[in-house]
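Notes follow the structure.
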Amino acid sequence: MKLKNFVERYVCRNSLIRLWEPCVNGHKMICKEDLTKPNNIDEVCMEWELLQRKHWLSNYMYRDVVGVTDIVVQGPYQEAINIVIKPA
C-alpha cells in the first residue's frame, strides 16, 4: 500500500507522522537539517500536511509502506506515528 493511501485510511486527523527506511542495523529516520526546528532537524509533519503536499515529506507519498514501528526518539515529537517505508 502506498504511503498516501495508508495515511488516508489508517492515520487519524491532526496526527504527527515520522518516516523511516529499513537499513542493515534496523531503521534510519528520514529527516533534513533545519536550524529553525527543535534539535535543528525537520523530522515530522502533520498527516494533512503530507496529504496536501505542504511539507517536504510529501515527496515520499508514493512509496510502499512496510509497517508501523514503536521506535523511541529523544527530544520533541516523541508521540509521532513512526511509519516505515520502502527505500527508493
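The values are calculated or read from the model by the stated rules, or taken from the named source; none is laboratory data. Everything numeric here is computed off the predicted structure, so don't read it as measured data. With ideal geometry, Cβ positions are generated from the backbone for all residues, glycine too; neighbour counts draw on all protein chains shown. These area figures cover heavy atoms from the full protein model, side chains too; ligands, DNA and RNA do not enter into them. Shrake-Rupley method; radii C 1.70, N 1.55, O 1.52, S 1.80 Å.
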Exercise for the section: May I ask you to derive the relative contact order of the chain, considering only C-alpha pairs under 8 Å and at least 6 residues apart, and to give it as an integer percent? Expected result: 38 percent
Exercise for the section: Could you tell me which trypsin sites (Lys or Arg not before Pro) in the chain are loop residues by DSSP with no more than 14 other beta carbons within 10 angstrom of their beta carbon? Expected result: ARG13, ARG53, LYS54
Handout entry: Long-range tail of P(r) for the chain (Cα pairs > 14 Å, %)
Key = 62 percent
Practice task
Determine the calculated [θ] at 222 nm for the chain from helices alone, applying -39500 (n - 2.57) to every DSSP H run no shorter than 4 residues and normalising by the residue count; nearest 500 deg cm²/dmol.
Solution key: -3500 deg cm²/dmol
Exercise for the section: First compute the accessible area of the chain with a 1.4 Å probe, then give the percent of it belonging to carbon and sulfur atoms. Expected result: 49 percent
